[in-house]
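Q: Structure below; questions to follow.
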Amino acid sequence: MVASRLPVDRVDTPDGGTEWRPSPGGLVTALEPVMREAHGAWVGWPGSAGEAPEPFDADGMHLVSVGLSESEVADFYEGFCNATLWPLYHDVIAPPEFHRAWWDAYVSVNRRFAHAAARQAAPGATIWVHDYQLQLVPGMLRELRGDVRIGFFNHIPFPGYEIFAQLPWRRQIIAGLVGADLLGFQRQGDAANFLRACRRAAGLTTRGSLVRVPEEVPGAGLATAVSAFDEPPRQRWEGTSSGTREIRAAAFPISIDTAAYEKLASREDVRARAREIREALGEPSIVLLGVDRLDYTKGILHRLHAYGEILDEGRLSVPEAVLVLVASPSRERVEHYRLLRDEVEVTVGRMNGKHAQLGSPAVHYLHQSYPREEMAALYLAADVMLVTSLRDGMNLVAKEYVACRDDEAGALVLSEFTGAADELSGAFLVNPHDIEGMKDAIVRAATVPPAEARRRMRAMRRRVREFDVNRWAASFLDALKRASDTGAAD
């Protein structure tokens, strides 16, 4: 497994030592059970600048660290990943920045990840590369290790070509990605966007979900992107076929460890905590909940504006209704995120100043992260879950909420611009840019008859049970085996 981050964070302990604790986040949550079962190695950055620690074992996984310097954290992570690719791949909600120094850092760091993975992989191993931070790694691995099976999964959207074409290094990105035998995306539209980029940016031929890849991608700058490694590879493996390969790009919507969330939500201490939360909120009739990273793609301000207008119009009122907004800290050294935090806090303050009563705010704003037990309690306490992303690859929070609702109560208001919207047919789907439509959906979800709520929730729970993280991983890895076994073409 190759991902930008290790699945653990280094934490200082009261006695002056350090320990590794599981990281929050959808990717780690999804892949932890898969890695434990596979007994594989996970290659990733430990999360702080400096020398990488020696490989170690934690939570049943073998972890291999890749070090980043302070300048690489700034240029690769905060720069090219979060200020270039993230906004570009999310439909330019914020303007992306294009800097050659950031691109150089992206290439250099991708090389380091590729070398680390190549050293860990046994002959004929399967290497699964994850997400937009490492799009050059498959192509680099293809040059280093012609014997391995390479999969790539993109957890965020892949943009339409008219947006992707803005990237000055679009050909190199495609050249890196087509080093994989199988590319997975959250939605079929993302896979279609990638296939079109293969045709337009690199001149490759596609047929259905297949891409024909010559030994060197014409005009894609493959040599520039993946040669001249920081050090010579220790071993180059024979067996790379001459001529062309056929690779596949398809949708593999990610999911969660449903059974683990159901077990968590059934614990009596978690249920007691859910009751405490409602009591602390003043026993309102309707608890609305939003849980996101504080990110401009999540539509947090759109959600606040819709809820504020609902209160203005008297369709819901305080203290009978309350919104709990959990916005965990995210990328606070990036300017767009600092500005968003300021705007969210000002908006929440304005709404509370206008609608709160003594002891009963309209919005409880919590800018912090919580453990899974607390999140499960919040899910159980909420009558309506609000997921209003402007653009999202999947949004696992929506699935976590559904998995926790074993009482088959609650309602989900879900943006149609999330991958989850393709699967959770029982949700109240909204266009978050349509404030009037979102207001209607929120009120309808808050007042839905219990029988209809149960019917909707039952259908969504059936989906997340049947298509859980184990099925997602198994389907991808099975498809990867088939793709690499048949990928070589004469």
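Q: Anything over 26 Å Cα to Cα? Flag those among LYS263/LYS481; LYS298/LYS354; LYS298/LYS439; LYS298/LYS481, in the order listed.
A: On the way: LYS263/LYS481 32 Å; LYS298/LYS354 24 Å; LYS298/LYS439 17 Å; LYS298/LYS481 35 Å.
Going by Cα-Cα distance, LYS263/LYS481; LYS298/LYS481 fall outside the 26 Å limit.
Q: Along Cα→Cβ, 7 Å out, is where each label goes; now give me the distance between the ones at HIS39 and LEU366 in nm to one decimal.
A: It works out to 4.0 nm between the two label points.
Q: Now, a different point. Based on DSSP, what percent of beta bridges with both residues in region 340-442 are antiparallel, to the nearest 5?
A: 10
Q: Out of region 1-107, which GluC sites (Glu not before Pro) are coil in DSSP terms and have no more than 10 other C-beta atoms within 10 Å?
A: Qualifying residues, ordered by number: GLU51.
Q: For ILE127, which sequence-distant residues (separation of 5 or more, or a different chain) have an amide H within less than 5 Å of its own amide H, given hydrogens modelled in the peptide plane?
A: Close amide H contacts, sequence-distant or interchain: ARG149, ILE150, GLY151.
Q: Take the alpha carbon gyration tensor of region 97-188, find the square roots of its eigenvalues, order them as a ≥ b ≥ c, and report rounded if a/c is under 1.5; if not, report prolate when a/b exceeds b/c, else oblate.
A: Oblate shape, in that a/c is at least 1.5 and b/c is the bigger or equal ratio.
Q: Okay, moving on. Run the dipole for the chain about the Cα centre, Lys and Arg Cβ at +1, Asp and Glu Cβ at -1, nothing else charged, and hand back the magnitude in debye, nearest 20.
A: Dipole size: approximately 1260 debye.
Q: Could you give the dipole magnitude of region 13-84 about its Cα centre, charging the beta-carbon of Lys and Arg +1 and that of Asp and Glu -1, in debye to the nearest 20?
A: 240
Q: Restricting everything to alpha-carbon atoms, can you work out Rg to Rh for region 402-455 with a Kirkwood hydrodynamic radius?
A: So for region 402-455, dividing Rg by the Kirkwood Rh gives 0.97.
Q: Counting only residues 5 or more places away or on other chains, whose amide H sits under 5 Å from the amide H of PHE428 once H atoms are built in the peptide plane?
A: LEU412, VAL413, LEU414
Q: While we're on this one: Please give the net charge around SER425, taking every other residue with its beta carbon less than 14 angstrom from that of SER425, where Lys and Arg add +1 and Asp and Glu add -1.
A: On the way: positive: LYS399, ARG455, ARG456, ARG458, ARG461, ARG462, ARG463; negative: GLU416, ASP422, GLU423, GLU452, GLU466.
Within the 14 Å Cβ shell, the charges total +2.
Q: Can you pull out the GluC sites (Glu not before Pro) in region 314-364 that DSSP calls coil and that have at most 16 other Cβ atoms within 10 Å?
A: On the way: sites: GLU320, GLU332, GLU335, GLU343, GLU345; in loops: GLU320, GLU332.
Passing both the DSSP loop test and the Cβ count: GLU320, GLU332.
Q: Want the number for GLU345 to ALA165: 0.36 nm per residue separation, take away the alpha-carbon distance, what's left?
A: Details: separation 180, 0.36 × 180 = 64.80 nm, distance 3.54 nm.
Extra length from GLU345 to ALA165 when fully extended: 61.3 nm.
Q: For a quick check: with amide H placed at 1.01 Å from N, whose amide H comes under 5 Å from HIS433's, ignoring anything fewer than 5 positions away on the same chain?
A: none
Q: Quick one: what are the phi-derived ³J(HN,Hα) couplings along region 360-369, Karplus 6.51/-1.76/1.60 with θ = phi - 60°, whole Hz, x for glycine and proline?
A: 9, x, 6, 10, 9, 9, 10, 9, 7, 9
Q: Which helices pass in the chain if a helix is a full DSSP H run, must span at least 27 angstrom along its long axis by Cα, and must have mean Kyte-Doolittle hydropathy not below -1.0?
A: Taking the DSSP H segments of the chain (at least 27 Å long, mean hydropathy at least -1.0), we get 100-120.
Q: How many Å² of accessible area per residue for the chain, probe 1.4 Å?
A: 40
Q: What whole-number distance in Å separates the alpha-carbon centres of region 304-323 and region 425-490?
A: Answer, in whole Å: 28.
Q: Take the alpha-carbon positions of region 264-397, form their convex hull, and give its projected area averaged over all directions (one quarter of the hull surface) in nm². Working shown, then result.
A: Details: hull surface 32.8 nm².
Spelled out: convex hull of the Cα atoms, projected over all directions, averaged, 8.2 nm².
Q: How much net charge surrounds ILE156 when only the other residues with a Cβ under 10 Å from the Cβ of ILE156 are counted, with Lys and Arg +1 and Asp and Glu -1?
A: Residues near ILE156 contribute -2 overall.
Q: Please report the relative contact order for region 1-127, taking Cα pairs under 8 Å with a sequence separation of at least 6, and give it as a percent rounded to a whole number.
A: Value for region 1-127: 21 percent.
Q: Considering only DSSP beta bridges with both partners in region 51-180, what is the antiparallel share in %, to the nearest 5?
A: 40
Q: Taking a quarter of the surface of the convex hull around the Cα atoms of region 1-95, what do you get in nm²?
A: Answer in nm², one decimal: 7.3.
Q: Round to a whole number: what % of the accessible area of the chain belongs to carbon and sulfur, probe 1.4 Å?
A: Numbers: 9570 of 19650 Å².
On the chain, the fraction of accessible area on carbon and sulfur atoms equals 49 percent.
Q: How many percent of DSSP beta bridges within the chain run antiparallel, rounded to 5?
A: 35
Q: Compute the signed sum of charges (Lys and Arg +1, Asp and Glu -1) over the other residues within less than 10 Å, Cβ to Cβ, of LEU412.
A: +3
Q: Per the helix-only calculation at 222 nm, which mean residue ellipticity applies to the chain, given -39500 (n - 2.57) for every DSSP H run of n ≥ 4 and division by its residues, nearest 500 deg cm²/dmol?
A: -12500 deg cm²/dmol
Q: Show me the GluC sites (Glu not before Pro) within region 395-448 that DSSP assigns to loop and that have at most 16 other Cβ atoms within 10 Å of their Cβ.
A: Those satisfying the criteria are GLU408, GLU416.
Q: Please state, to two decimals, what the Cα-based radius of gyration of the chain comes to when divided by 2.2 N^0.38 Å (N = residues).
A: Compactness ratio reported: 1.00.
The values are calculated or read from the model by the stated rules, or taken from the named source; none is laboratory data. Note that the structure is predicted; figures quoted are calculated from it, not measured. A quick note on method: Cβ atoms are made from the backbone with ideal geometry, for glycine too, and the neighbour counts reach across all protein chains shown. Protein only, heavy atoms only, side chains kept; ligands, DNA and RNA dropped before computing areas. Shrake-Rupley method; radii C 1.70, N 1.55, O 1.52, S 1.80 Å.
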